[in-house]
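Here's the structure, in structure tokens; my notes come after.
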Amino acid sequence: MTDGSGDAGGAPGDAAEDGGTTPGDASDAADGDASSAAARTARDRAERRILPALAAGTVLLLAVLFYYPVGTVLVEAVRVDGRYTLEVLVGVLRDPFYLGDLAGLFAGESPLAVAGRLLGPDRRLGIVGFTAYQAALSTLASVALGLPGAYVLARFEFPGRRTLRSLTILPFVLPSIMVAVGFVATFGDDGTLNAALSAVGLPTVDLLFTLEAVVIAHAFYNAPLVTRVTTAAWESVDASAVETARSLGAGPFRAFRDVVAPQVYPAVLMGAALTFVFTFGTFPIVLALGGFELATVEVFVYRLIRNLEYAEAAALAIVELAVSLGLLYAYLRYEARHTVRSRGVRPLPRHRLLPASPSFGQALVRVGVAAYALVALTVFLAPVLSMLLASVTGPDGLTLEHYRFLVERQRTGAAFQVRPWPAVRNSLLFGVGALAVALPMGVVVAVLTTRDYRGRKLVDAVAMAPLSISGIVVGLGLLRGLVFGVEVWGTRIAVGGALAVVAAHAVAGYPFVVRTVGPGLDALDRSLVESARALGASRARALLDVELPLVRPGVVAGAAFAFAISMGEFSATVVLATGTEQYTMPIAIERFIGRRLGPATAMGVVLLLVTSASFVVIDRFGGETGGL
Amino acid sequence: MGSEDRPGGDGAAPDDAPVAVELDGVSRRYGDTTAVSDVSLRIREGEFFTLVGPSGCGKTTTLRLIAGFEAPDAGTVRLGGRSVEGLPPEDRNVGVVFQNYALFPHMTVGENVAYGLNFAEPPGGLTREERVRELLELVDLPGMADRDPDELSGGQRQRVAMARALAPGPEVLLLDEPMSALDAQLRERLRAQVKAIQRELSITTVYVTHDQEEALAVSDRVAVMREGTPDQVAPPRTVYRRPATRFVAEFVGDNNVFEGRVEAVEGHVEPSDQVDRNIHENAPHGVGSPVETEGSVGGAGNAESGTDAAITAVDVGETVARVRAPGDVAVGDRLSFCVRPENLRILRDAEEDGRDPANVLRGSVASAEFLGETTRVRLSWGDRELVVRTTDPLSGTISVAFDPADAHVFAHERR
């Protein structure tokens, strides 16, 4: 900087001229074609501000739609009758009803005594403990069901492998309440399972409202997630690394243990961690399959809210949040250390599923694959098929009675009754609205979180937090914060219920847009954007011209996700739509399921059809979803 | 450190072309590591300027600071005399070619080349189409506009990237290792083409490479970088013949570096033109570019040949060498000097007799690499190694000798 001081007087002036801060400077800079240059400068300036403006808008939206409402709810846990207190929170922590024997820790008992009781035969888990217990079981089941799937998809070649790989995304976006209906139709007293069992002369079982049913339903959701992430990791193992190990003297098993396994197990861990977090916050499945006997934390929060015990609900939500966030944080720390994505590797060669003359070992493996395929087919197809079947069967065999009921209800239903068409219409409207908000929000966040800068981690965390906050809390926050109205500078601002539902759905959906668009952006060579910028494109223009066209499959997938999430969203909607006209298809199903299964399954089929149709539409408009 | 070679350092620049790119005390840090440390450079209009150095020396970061992809932590970058602080890359009027070319895969070759014309009128009153055609002809790819980038070979992509960068008529062309992904033969052909285009357009060019041979072949001036700072900034010949530091001596071409204490100063000599003897025949390809004259650009210091010198006896361990040292040398000083392999003459037995033993070094052949034109032979000399070049097969113990004038002293530590 020594002789920079000599030029310092001139430099700021030059910079100002370049920025065109005053009209005089701008015309001065463009001697010849002043008017077109001025127009260009104006356009450039506008373009340059788009991205910061969008970023600011996203932050504002997040604050209004998520952080403020959730904040108002959580504050209730420490604010009773206008004064701040930890009484309620401490009360929840010390209540064995919630924390079981662990509550003793917060009540001042010695950790040894607590541990002793926890290991003893009469341990009490409490609601939180039970929730963690069922989440752990569900995680185990999901890994057990998902891991062989990854093995088959990564190591065998067979017709339809790619399609099957793409389909593993499907369970995740299926509306949970619909899946719950499907499982009721499978495990119920008159369900397909018992029908099948009695058809072959076996005694019937009563799985409904048992832990087993809940765990299997969770595996339905999360095993494909484990399969997806593990398959991706397995496919990114470089064949030449394995070949190197073999040439150095390692046998096939040793090579697997030393080369393949270390690259695959972080993915398994990731699948397991996410499964645990998701199943810890489970709601519709347990509500439908477990009843209040198997209540998890989320179900209890919902119950407390319905009883208007907001303080206790908020305190319980905070405990839930602490567990989820803690786990998510631990996972992200782990992920940060293990994201060595190898690119351009030669994947391991795949075996043919049906070799011409299999050896004994090969045949044995194939028998195992066949057995697994049978189990997987049962778990994944049974609920959907059972739902379809149940929707067209009555006490006297095949019937269209349930669909007739829907039509009848639509024509003659009273104002207070749930009618099918408004549910379909609302779902579609909310879906489109949520998509319109979530897609740009997700893309902006993806752009902001793929670049390296200070504070990026914070942005990432702030933007991804909605994934770990329960829908119930978001819904309640929106209800009490925005729908009931907020006082801002003496003016009462209230948001309509429909807008609040759209907001909740957008908040639930946009992280998925980030997750589908972000990796694509991340993988793009940064010199592409830099080339565009050196050629004169602003940051926003480079995004539009270069990055987005190249990550279009991810954008389309994100759109499909956001829409599907909105279609299936239950937790926040059930809070916001109580006693209003804003009910959606999942809410309608829940209202029906309590009284009669038939119409619920019929409604479920309608939801399935509408969701599938929307997927096709998004797919058509957005081009092929190759990245999915 | 090589300050006498800095352009403008002694105001001796014969070329008075205006400065196109100027770095003034520029630094860039990433966390604890300093990628670029207090770099000052002046690159003149129309100059072909190369940043060369091993990986991690800060050459690419320097280029990115000029392009505006990075912002300096200290110092000023000026383009055309104006500070570009805070100016985004799109407003700097630079053309950039990356190592992997970064062609937009979803656009045709023509669309790629035309992309920059969305933001600037084509120069010379041409239409977009005419400009694209002109550029594709310039890089010898006429009629390729409708191809997709993935239909092209590596060399063709590189040329499309050149055409794209040049289309909007940038003031400065920045090339970041544009050849390193190509095979050796293609690389030599393309670098000649790049050089020809640069000459034709007289466009100021900053070229980044780790390949010192490439740097010597194409550049008007070279900055040899190490640990974030240029060790030497000079025309290729100066860098080759008179490296400013031990690092430069060893990085650019093969070299034999000696270090020792001055035993005696044996008399001063007139500035001589002997220094340059031998080099023309033995220099690597391309150094003898006909248009170039020594020190024509940026006025690299010819400090040594213009000043007083002394023949000095230096104890380098195995022997006492006679070298031509700066005139102010004194007994007891420590000198470091280097002798190029091509200046180590292999002596036949007969020649050895009667020679001053000072500059005769005897060693045994440790290894030989056949390079085609010549063979690179490594001799064990005491516990050190000497590199010599020969056209004849060698074995056993041999003697080599060098002329005191062929020793270049690059470090002088006073007692």
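The values are calculated or read from the model by the stated rules, or taken from the named source; none is laboratory data. Worth saying up front: this structure is predicted, and the values here are computed from it rather than measured. Glycine gets a Cβ as well: all are built from the backbone with ideal geometry, and neighbour counts include every protein chain shown.
Could you please tell me which pairs satisfy a Cβ distance under 9 Å, a separation of 6+ or placement on different chains, a first residue in region A:528-554 that is more than 8 Å from chain B (Cβ to nearest Cβ) and under 11 Å from B:PRO89 (Cα atoms), and a second residue that is acidic (Asp, Glu) and not in a helix (DSSP H, G or I)?
none
Regarding A:ALA508, is this residue in contact with an Asp or Glu (Cβ under 8 Å, 6 or more places away or on another chain), away from chain B (no Cβ under 14 Å), more than 30 Å from B:GLN99 (Cβ to Cβ) and crowded, with 23+ Cβ neighbours inside 10 Å?
Yes.
For region B:121-145, which residues satisfy the criterion of being touching a Gly at 6+ places or on another chain (Cβ under 6 Å), within 14 Å of chain A (Cβ to nearest Cβ) and at pLDDT 90 or above?
B:VAL132
Name the single residue, out of those in region B:30-60 being away from chain A (no Cβ under 13 Å) and farther than 21 Å from B:VAL239 by Cβ, that is surrounded by the fewest Cβ atoms within 10 Å (Cβ to Cβ).
B:ASP32
This table checks each residue for (1) touching a Pro at 6+ places or on another chain (Cβ under 6 Å); (2) surrounded by fewer than 24 Cβ atoms within 10 Å (Cβ to Cβ); (3) not polar (S, T, N, Q).
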| residue | (1), (2), (3) |
| --- | --- |
| B:ASP150 | no, yes, yes |
| B:GLY154 | no, yes, yes |
| B:MET162 | no, no, yes |
| B:LEU175 | no, no, yes |
| B:LEU186 | no, yes, yes |
| B:LEU190 | no, yes, yes |
| B:GLU200 | no, yes, yes |
| B:VAL206 | no, no, yes |
| B:GLN212 | no, yes, no |
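Count, please, the residues in region B:357-407 that happen to be closer than 30 Å to B:ALA309 by Cα and assigned to a loop (DSSP other than H, G, I, E, B).
Within region B:357-407, residues that are closer than 30 Å to B:ALA309 by Cα and assigned to a loop (DSSP other than H, G, I, E, B) number 4.
Is it the case, given these coordinates, that B:GLN185 is more than 14 Å from every other protein chain (Cβ to nearest Cβ) and in a strand (DSSP E or B)?
Considered against the rule, which asks whether it is more than 14 Å from every other protein chain (Cβ to nearest Cβ) and in a strand (DSSP E or B), B:GLN185 comes out as no.
Looking at A:PHE430, A:PHE405, which one is more than 33 Å from the chain's Cα centre (by Cα), closer than 30 Å to A:ALA602 by Cβ, in contact (Cβ under 8 Å) with a residue 12 or more places away in the chain and not assigned by TED's automatic domain parsing to the domain that holds A:ALA239?
A:PHE405
Please tell me if A:ALA322 is surrounded by 18 or more Cβ atoms within 10 Å (Cβ to Cβ) and of a type in the set (Gly, Ala, Ser).
For A:ALA322, the condition - surrounded by 18 or more Cβ atoms within 10 Å (Cβ to Cβ) and of a type in the set (Gly, Ala, Ser) - is not met.
Take the residues in region A:227-270 that are modelled with pLDDT of 85 or more and of a type in the set (Lys, Arg); name whichever of them is surrounded by the most Cβ atoms within 10 Å (Cβ to Cβ).
A:ARG228
Does A:PHE563 count as more than 14 Å from chain B (Cβ to nearest Cβ) and under 20 Å from the mean Cα position of the chain (by Cα)?
Considered against the rule, which asks whether it is more than 14 Å from chain B (Cβ to nearest Cβ) and under 20 Å from the mean Cα position of the chain (by Cα), A:PHE563 comes out as yes.
Filter region B:80-93 down to residues that are buried (at least 21 other Cβ atoms within 10 Å of the Cβ) and over 20 Å from A:ALA540 (Cβ atoms) and give me whichever is nearest to the other protein chains (Cβ to nearest Cβ).
My answer is B:SER83.
Could you look through region B:373-405, keep only residues that are under 29 Å from the mean Cα position of the chain (by Cα) and of a type in the set (Asp, Glu), and pick out the one that is farthest from B:VAL320 (Cα to Cα)?
Here the residue is B:GLU373.
Does any residue of region A:148-159 turn out to be within 30 Å of A:ALA267 (Cβ to Cβ), crowded, with 20+ Cβ neighbours inside 10 Å, modelled with pLDDT of 80 or more and of a type in the set (D, E, K, R)?
No, region A:148-159 has no match at all.
State whether one or more residues within region B:111-120 are farther than 22 Å from A:LEU524 by Cβ, surrounded by fewer than 19 Cβ atoms within 10 Å (Cβ to Cβ) and facing another protein chain (nearest Cβ under 8 Å).
Yes - at least one qualifying residue is present in region B:111-120.
Tell me yes or no: at least one residue of region B:374-386 is crowded, with 17+ Cβ neighbours inside 10 Å, of a type in the set (A, V, I, L, M, F, W, C) and at pLDDT below 90.
There is at least one residue in region B:374-386 that is crowded, with 17+ Cβ neighbours inside 10 Å, of a type in the set (A, V, I, L, M, F, W, C) and at pLDDT below 90.
I'm told B:ALA74 meets every condition in (1) aliphatic (A, V, I, L, M); (2) within 8 Å of chain A (Cβ to nearest Cβ); (3) within 21 Å of A:GLU530 (Cβ to Cβ) except one. Can you identify the failing condition by its number?
Going through the list (1) aliphatic (A, V, I, L, M); (2) within 8 Å of chain A (Cβ to nearest Cβ); (3) within 21 Å of A:GLU530 (Cβ to Cβ), B:ALA74 breaks only (3).
Here's the yes/no breakdown for (1) of a type outside the set (A, V, I, L, M); (2) closer than 22 Å to B:LYS195 by Cα; (3) not assigned by TED's automatic domain parsing to the domain that holds B:SER180:
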| residue | (1), (2), (3) |
| --- | --- |
| B:LEU41 | no, yes, no |
| B:LEU65 | no, no, no |
| B:LEU87 | no, no, no |
| B:ASP148 | yes, no, no |
